[in-house]
Structures are given as C-alpha cells and as structure tokens.
Amino acid sequence: MRFALVSCHVERPLDEDTWRLFARVQERQPGGFRIAALMRPPHHGEDRELWVERAREAAERGPLGHHTHWTSPTHARPTAGDPAARVREEAAWLQESGFAPTLFCGGGWYMDEALAQTLASLGYTDCTSRRGEPCSLRLRGGTLLGELPTTHSIGALARSLLRRRPRFLHAYFHDYDLLDRKRRYALVASLSLLGTRAVPAPFELPASLREVPFSEAFPG
C-alpha cells in the first residue's frame, strides 16, 4: 500500500489572486487530499489582521503549518541573525493569535540542529527534509523531532506517476504556482490521478518510528 500527503508553501497569503486560487484548490481537495497550508507569518509592515483572517480560513480546510522566510517575504533563507530565534518569535505570535500549527518547513529548505531543537520544543513535526520516509530525527541530548520529508515537487509528482511509485510520497507546491494555468492544471490532474493510486495519509506521525541521526536527514 502506498501513502501520500500534500502541502502548500503559502508564501503570498495577502495577495488577492494567489489566495483566491489557493483557497479554491484547498477546498476542492483534488484526489481526496486535505492540503496542509504551511503559511509564512507576516513580516514587518504586512497586514496582520488580514493574515489572521486567512489563516483561520485555511485551518478550517486542512492542517496548518508554519513556514519561515528569514530574510524577507521574497527571500527565504537566512542571511543574518539567529534562525531559531526568529522561529521562536513567530511561533509566540502565532500562539498569541490563537493558532496551534503542528507542521514546519524551513524557507529555502533551511535547517540546522539548533533550529531542529527549537522545533522539537514547540511540538512541531518538521517537513524540511527532501528525502526518505517518516522518521524521528535524533538530536543532541537524545531529543527527538518527528520528520515528514517533503519529497515531490509538481514536476517530480507528475513524473513519478509514469514510473514505479515510492511507498511514501509527500507532494508540495507553492501558492504562486497556481498563478500559472499550466502548472495549476498539472497539479490538479496529478493529484487526481495520485488519489487513485495511493491512500491519503494523515499528517500525524505513528507512535513507533525509525530513529535517524540529524546528519543523515540533513547532511549539510
């Protein structure tokens, strides 16, 4: 039996056209998949009230996650400062705003062990690794962090449907991908077909998981 998950990096939650298209796809649930919204919290000067309103809508339609862009809304990877501290600050604001995200994915696929320790302390399940199957990352001091690797982009998903399919698949897309009609149709068609070949899996991790050293999932 094959299992599949789908998530979206919601990086433009305040853009009207992008949000409208994402909300439509998330509500439609192509292939029977509840799409997790990994939302980028607002940066300085962005409309926080509108962000909260839209995050509440997304949380009603599927799992809610935390997606950090460290440098700016359009620059994902950190260029200065303490990445873990930024995530703690954002997480505190999310909690104060009434949200309890369960998932995390680092912008630009960034991860380090201090950040991983922070995610574990927040009770998040990480989705930043790009390979493998669900596991528990073993951190310094014996701390464990649940990992649901993100394995397939839109293109990789479409190609995988033509070949031997993996036992576990976590497909992702960016909200702005939906602005391109061809990419939007490719995503919906691929998910619809995937739904006939794999069981939509929950984003909750099973109780017993293989332990993997942090360096194996993030070799640097």
Exercise. What part of the accessible area of the stretch 71-186, given as a whole %, is carbon or sulfur when the probe is 1.4 angstrom?
Worked result: 49
Seminar exercise, completed: Checked against the structure, the computed semi-axes √(5λ) of the Cα gyration tensor in Å among (1) 51, 20, 11; (2) 29, 25, 17; (3) 25, 23, 15 is the one labelled (3)
For this session: Write down the radius of gyration of the stretch 92-132 and its Dmax, each obtained from C-alpha positions, in Å.
Result: 11.0, 34
Seminar exercise, completed: Kirkwood calc, the stretch 17-124, C-alpha pairs only, radius in angstrom 14.5
Exercise. Can you work out ³J(HN,Hα) from phi for every residue in the stretch 111-128, in order, using Karplus 6.51 cos²θ - 1.76 cosθ + 1.60 and θ = phi - 60°, giving whole Hz and x for Gly and Pro?
Worked result: 7, 9, 6, 5, 5, 4, 4, 4, 4, 4, 5, 7, x, 7, 9, 8, 10, 7
Exercise. Which whole-number value in Å² is the accessible area per residue of the chain, probe 1.4 Å?
Worked result: 48
Exercise. Just how much of Arg2 is accessible, in Å², when a 1.4 Å probe is used and the result is rounded to the nearest 10?
Worked result: 80
Exercise. Under a plain spin-label model, where a point goes 7 Å from the Cα along Cα-to-Cβ, how far apart in nm are Arg88 and Arg56?
Worked result: 3.0
Exercise. On full extension of the chain, what length is gained from Ser121 through His43, given 0.36 nm per residue of separation minus the C-alpha to C-alpha distance?
Worked result: 25.8 nm
Problem set entry | 222 nm mean residue ellipticity, helices alone, for the chain (DSSP H n ≥ 4; -39,500 (n - 2.57); rounded to 500) | -10500 deg cm²/dmol
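The values are calculated or read from the model by the stated rules, or taken from the named source; none is laboratory data. Worth saying up front: this structure is predicted, and the values here are computed from it rather than measured. Cβ sites come from the backbone with ideal geometry, for glycine too, and all protein chains shown count toward neighbours. In case anyone asks, the SASA skips ligands and DNA or RNA and just uses the protein heavy atoms, side chains included. Shrake-Rupley method; radii C 1.70, N 1.55, O 1.52, S 1.80 Å.
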